[in-house]
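Below is one structure, written out as structure tokens, with a few remarks after it.
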Amino acid sequence: MKKKITLIGAGQIGGTLAHLIALKELADIVLFDVAKGIAKGKALDIAQSSPINKFNVNLSGTDNYEDTKNSDVIIITAGVPRKPGMTRDDLLGINLKIIKQVANGIKKTSPNAFVICITNPLDVIVMALQRYSGLPKNKVVGMAGILDSSRFIYFLSQEFKIPVQKIKSFVLGGHGDSMVAMLGSTLIDGKAITDLVKDGKIKQERLNEIVERTKKGGAEIVKYLEKGSAFYAPAAAGVEMAESFLKDLKKQLPCAAYLNGEYETKDLYAGVPVIIGSKGVEKVIELKLTNDEKMNFKKSIESVKELFNAARKIDKDLN
Ligand code: APR
């Protein structure tokens with residue numbers, strides 16, 4: 001039987017997700033949006049490309065949660081994106097309200113779904129989504145680390161002029177300015193980046209600039225676009241998570257996952273490597289961090305905690 005993916009939010013990311021999922025024939029697709037016309041219009045537009053691209057999935061648009069019933073995967077992008085000059089945290093108040101509505105909508109209709117949240121500020125919104133919906137913690141996860149890692153790897157490939165496939169790295173922690181690029185685990189064509197710095201192949205200052213650019217990778221795009229934020233790379237990252245779940249690929253992916261003591265963090269969502277398979281988040285992988293990475297990860301966790309406390313003040317239901 002064909003699988004069913006519901007996309008809550010049919011905006012820039014939602015539409016791109018639908019297109020990628022259709023091209024990969026991962027599942028039938030329901031686009032849900034409070035703006036019903038956008039959901040229906042995009043579903044029809046993508047469906048009309050199926051004779052050209054030769055995919056065989058069903059696409060529909062709706063503003064009724066009944067139509068999303070029994071989804072295998074739900075990807076949430078409902079919310080407001082950043083405008084130039086805004087941080088992700090500035091979106092908290094408005095997106096928290098939206099996510100509460102979404103949680104109420106999906107908990108009754110798709111209690112067994114694997115739910116991937118993309119709405120920002122990511123770590124706090126995914127944590128709120130899990131609390132509001134009451135869905136199992138291993139089935140509610142946030143998309144951030146794959147995107148941040150992908151940005152970092154792309155910038156490194158440009159710097160070293162080698163293909164992205166030859167670079168291994170990832171970015172952990174909160175999806176904000178405090179995210180942590182794992183330099184201790186970064187390999188450029190099999191060589192540790194820390195050795196390349198020692199050998200003078202790249203200056204530490206230049207590497208620091210690339211890390212900074214990665215942290216501000218989203219803001220750079222917001223500034224160019226003027227209206228809205230990045231959507232191609234975020235959608236590609238969301239699809240990788242959905243695919244690993246649906247096909248039980250058990251890929252190790254950096255995602256915002258619930259931590260219950262791992263990385264010395266309890267009862268909080270943050271970006272860590274996890275295994276995603278048919279049971280959802282099947283395992284949190286505990287890496288050995290360097291002292292610097294440990295310190296920066298801790299700082300990042302503190303800022304997620306701080307923002308979650310701000311969310312609690314906005315909505316007492318989160319206490
Ligand atoms: N239920 C469903 N959909 C909603 C709701 C709601 N309560 N509120 C808003 N939406 C829809 C909007 O109608 C809009 O079509 O969410 C969609 C969001 O789309 P865009 O504005 O194009 O935003 P997008 O670029 O897709 O980003 C969405 O993901 O990366 C984050 O920061 C980004 O929080 C933002 C989210």
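The table for this structure:
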{"quantity": "Under Karplus coefficients 6.51, -1.76 and 1.60, residue-wise ³J(HN,Hα) of the range 189-197 in Hz, glycine/proline x", "calculated": "6, x, 9, 5, 5, 5, 6, 5, 5"}
{"quantity": "Rule-of-thumb Rg ratio for the range 1-141 [Cα; 2.2 N^0.38 Å; N residues]", "calculated": "1.02"}
{"quantity": "17 Å Cα-Cα reach of Lys316 towards lysines, excluding residues that sit fewer than 8 places from it in its own chain", "calculated": "Lys97, Lys100, Lys305"}
{"quantity": "Out-of-range pairs (alpha-carbon distance over 31 Å; input Lys161/Lys279; Lys198/Lys223; Lys139/Lys294)", "calculated": "Lys161/Lys279; Lys198/Lys223"}
{"quantity": "Burial ranking of peptide ranges 25-32, 140-147 (average Cβ count within 10 Å, highest at the top)", "calculated": "140-147, 25-32"}
{"quantity": "Rounded to 10°, Cα long-axis angle of helix 36-47 versus longest principal axis of the chain", "calculated": "80 degrees"}
{"quantity": "C-alpha long axis of helix 291-314 to longest principal axis of the chain, angle in °", "calculated": "30 degrees"}
{"quantity": "Phi to ³J(HN,Hα) by Karplus 6.51 cos²θ - 1.76 cosθ + 1.60 over the range 177-182, Hz, x for Gly, Pro", "calculated": "5, 9, 4, 10, 7, 7"}
{"quantity": "Whole-angstrom gap from the range 54-89 to the range 145-163, using each part's C-alpha centre", "calculated": "27 Å"}
{"quantity": "Among Met295, Met179, Met241, residue whose mean-square fluctuation peaks in a GNM of the chain (springs only between Cα atoms under 10 Å)", "calculated": "Met295"}
{"quantity": "For Lys283, distant residues with modelled amide H under 5 Å away", "calculated": "Ile275"}
{"quantity": "Normalised alpha carbon radius of gyration of the chain [divisor 2.2 N^0.38 Å]", "calculated": "0.97"}
{"quantity": "Trypsin sites (Lys or Arg not before Pro) within the range 193-223: DSSP coil, no more than 16 neighbouring Cβ in 10 Å", "calculated": "Lys201, Lys203, Lys216"}
{"quantity": "Candidates per trypsin sites (Lys or Arg not before Pro) in the range 1-44, loop by DSSP, up to 12 other Cβ within 10 Å", "calculated": "Lys2"}
{"quantity": "Surface share of carbon and sulfur [accessible, 1.4 angstrom probe, percent] for the chain", "calculated": "52 percent"}
{"quantity": "Cleavage-rule hits (trypsin sites (Lys or Arg not before Pro)) in the range 70-163: DSSP loop, at most 14 neighbouring Cβ within 10 angstrom", "calculated": "Lys161"}
{"quantity": "Cα long-axis angle, helix 232-246 against the chain (0 to 90 degrees, to the nearest 10)", "calculated": "70 degrees"}
{"quantity": "Hz values of 3J(HN,Hα) by residue in the range 103-113 - Karplus curve (6.51, -1.76, 1.60), Gly and Pro given as x", "calculated": "4, 5, x, 8, 5, 7, 8, 9, x, 9, 6"}
{"quantity": "Farthest toward positive dipole pole in the chain [+1 Lys/Arg, -1 Asp/Glu at C-beta], among Leu92, Gly174, Ile116", "calculated": "Ile116"}
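The values are calculated or read from the model by the stated rules, or taken from the named source; none is laboratory data. Just so it is clear, the model here is predicted, and its values are computed rather than measured. Heads up, the Cβs are rebuilt from the backbone with ideal geometry, glycines too, and the neighbour counts pull from every protein chain shown. We work out accessible area using only protein heavy atoms, side chains counted, and drop any ligands, DNA or RNA first. Shrake-Rupley method; radii C 1.70, N 1.55, O 1.52, S 1.80 Å.
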